[in-house]
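First comes the structure, then the notes that go with it.
Just so it is clear, none of the values below were taken in a lab; they were calculated from the coordinates. Bear in mind that the values here come from a model prediction, so they are computed numbers and not experimental data. Glycine gets a Cβ as well: all are built from the backbone with ideal geometry, and neighbour counts include every protein chain shown.
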Amino acid sequence: MKELRYEQIQETIYTETLDNGLEVFLLSKPEMAKTYGVFTTNYGSIDQTFTPLGGDEHVKVPEGIAHFLEHKMFEKEDRDVFQDFTKKGASANAFTSFTKTAYLFTATSQVDDNVKTLLDFVQDPYFSKESVDKEKGIIGQEIRMYDDQPDWQAFFGTIQSMYHEHPVKVDIAGTIDSINQITKDDLYSCYETFYHPSNMILFVAGNFDVQAMMDLIRSNQQAKEFPPIPEIDRSYPEEPAHVAVREDSIEMPVTRAKSLVGLKEKVTHLSGKELLQSELLSSMILDYYFSKSGAFYEELYERDLIDDSFHFETELDRQFGFTILGGDTRQPDELARRVKEMLHQLKEEKIGKEDFERMKRKKIGQFVRSLNSMEFIANQFSHYHVLGVDLFEVLPEIEKLTVADAEQFLEHWVKDDQISVFQVLPQKEQVS
């Protein structure tokens, strides 16, 4: 077991890579009443084309299968795993993103038992034709629910307008048609390929003894057999740098339009700290100009183009990256025009040294406050680790950023053919 000490934030992570390849990270917080555990596989909704374990050529599985598999993991032949956690005083959940699937629990007691339950249920799949068919109806209802949510449709509509072929454009849950194609064999194929311990991370943070916890996890894993597995062979389509559609819209029963501007980022050439630096700079620059205290925000607000729903976000990950800005508005076209104009204007902006130092201090403050949450630490540590970044190295990376880094970033950040607009518009009155 290795000890990783971070003096700047006074934290210590204990880590070990087990014989089966599972990477374990432990963060002891004896001052905390609760413990949080998350078991994450490096497998998400974009991993649709791959060579399955034991195969010799690529297969393409139905869209939404990673999310479907997440749902099915909780159902065993004789019970529902949620009840197992409830009996041990724990709250359990799971989520699927574009690149990850994670299973988690929070507990204030019986921590050892809950860690074993977490490991055991994720490493013991059970799928039957009957249960798979039943789940199709449940997830179908979930998909229909999201189809009726304007904010979700605006978000995914913007992504779909940016991407030509990449599976990030597909809703994480898939479609009604795609989930109806999923079979028990498909689930086992994905499970055996992506749920091998060598493709997974276990992070436990909270009130426990580190050595005893590592012994428990090691013993649990040694009692199970896992076949050797080659490096996972994933395939993604070639994706042009330019957006698929410059402008698109749908009509829904909303009282006010939603207008979002998407900026497609080219990140396939970035990795590790380069990717982190791009993520930090984009979030800092967006916050500086488009947060409620920013000059651009004030202008948009004074022109009555936005309200409190205006927001922005950046997501950079392996294989894809994008920034989305926008919100509800009475003037969707004018809002989109002005936001695009502002993004282009950023190339000419000169950030003063004092202003940049303020940006850094704000980012550092936000990051340090986030470290009060064990959930944030565990989830983000796992996320960054897969990308080759240590979460606790984020702070020194922020401190190293310079005005020159920001100006160089802005120079290449915004290109006109990488911007798209998507709008959700009020339905036109039907004329009888």
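Side notes on the structure shown:
- Potential extension, S109-K224 segment - 0.36 nm per residue separation minus Cα distance: 38.8 nm
- Value of relative contact order over the chain, rounded to a whole percent, pairs C-alpha under 8 Å and six or more apart: 21 percent
- A Förster distance of 41 Å, applied to the separation of the beta-carbon atoms of E7 and Q319, puts the FRET efficiency at 0.75.
- Filter on K363/K400; K292/K363; K134/K169 - keep pairs with C-alpha separation over 19 Å: K134/K169
- Between the Cα long axis of helix 129-147 and the first principal axis of the chain there is an angle of about 20°, rounded to the nearest 10.
- Think of each Lys and Arg Cβ as +1 and each Asp and Glu Cβ as -1; about the Cα centre, that makes the dipole of the chain roughly 640 debye.
- Gap separating the Cα centres of region 137-183 and region 319-391, nearest whole Å: 25 Å
- Region 247-426: relative contact order in percent, alpha carbon pairs under 8 Å with at least 6 residues between: 42 percent
- Over the C-alpha atoms of region 2-235, the Rg to Rh ratio, Rh being the Kirkwood estimate, stands at 0.98.
- Förster-model FRET efficiency, 56 Å R0, H242 and D133, C-beta, rounded to 0.05: 0.85
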